[in-house]
Amino acid sequence: MFFYLITPMQFSHNCIIKCLKLLTIKSWIMSLLDKEPVKRVERVLKNYDPNLSVIVLNTSARTAQEAASSLSCEVGAIVKSLLFKTEQNFTLCLVAGDRKASLNKIKKILNIKDASMASAEEVKNVTGYTIGGVSPVGHVKKLNVILDGSLERFNALYAAAGHPNCVFKINFIDLKKITNSSVKEIVEWDNLNY
């Protein structure tokens, strides 16, 4: 066996730069995975299925379009977690990225007269996540969850995992189970949101 002692002078400048970039990226990924909201999602995923995990993206997934671009998938395969303020509480609607939630359908399903999008402050207080990283799971308060039936057309779905650069991959059946959601038609079909 031969061992070589390599001194720093033997490394090329490019090699050192590449190594530093890799260390920086690894450090950045680890720092995202250490954030409390991301850890909360990871715990719920692992309790449900040890094979599920958080994926850290190099680019933002704050919007469905950004997420689809980062993941090289269809926009519709991105799960938007939309929090609605209803008359007495809040309801989380999980909607396909290429669809727009219908307030009229949501009100009819919930048998209420008034519903609106929750404010950024309400989203943070109710879910524990900031807008752009709202996960379908791991909320700080118990929520009624409605799942858009149009998501069933995709084999793989991607949902936010507590941070705009973190997502997780799941199928429709497991998303329904892990969120304990009811599947309903809650989107506008005449005005698709691509």
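Read-outs throughout are calculated quantities, based only on the coordinates presented, and are distinct from any laboratory measurement. These numbers come from a predicted model, not from an experiment. As a convention, Cβ positions derive from the backbone with ideal geometry for all residues, glycine included, and neighbour counts pool all protein chains shown.
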request  = Sum up the lysine pairs in region 65-143 that clear both bars: alpha-carbon distance under 19 Å and a spacing of 8 or more or different chains.
outcome  = 18
message = Let me spell out the model: positive unit charges on the Cβ of Lys and Arg, negative unit charges on the Cβ of Asp and Glu, origin at the Cα centre of region 128-182. What dipole size does that give, in debye rounded to 20?
response = 140
request  = For THR130 and GLU36, calculate 0.36 nm times their separation in residues minus their Cα-Cα distance, and state this gained length in nm to one decimal.
outcome  = 32.6 nm
ask   = Roughly speaking, what is the centre-to-centre gap between region 64-78 and region 102-163 when only Cα atoms are used, to the nearest Å?
value = 18
request  = Using DSSP to define loop residues, name the GluC sites (Glu not before Pro) in region 100-194 whose beta-carbon has at most 16 other beta-carbon atoms within 10 Å.
outcome  = GLU185, GLU188
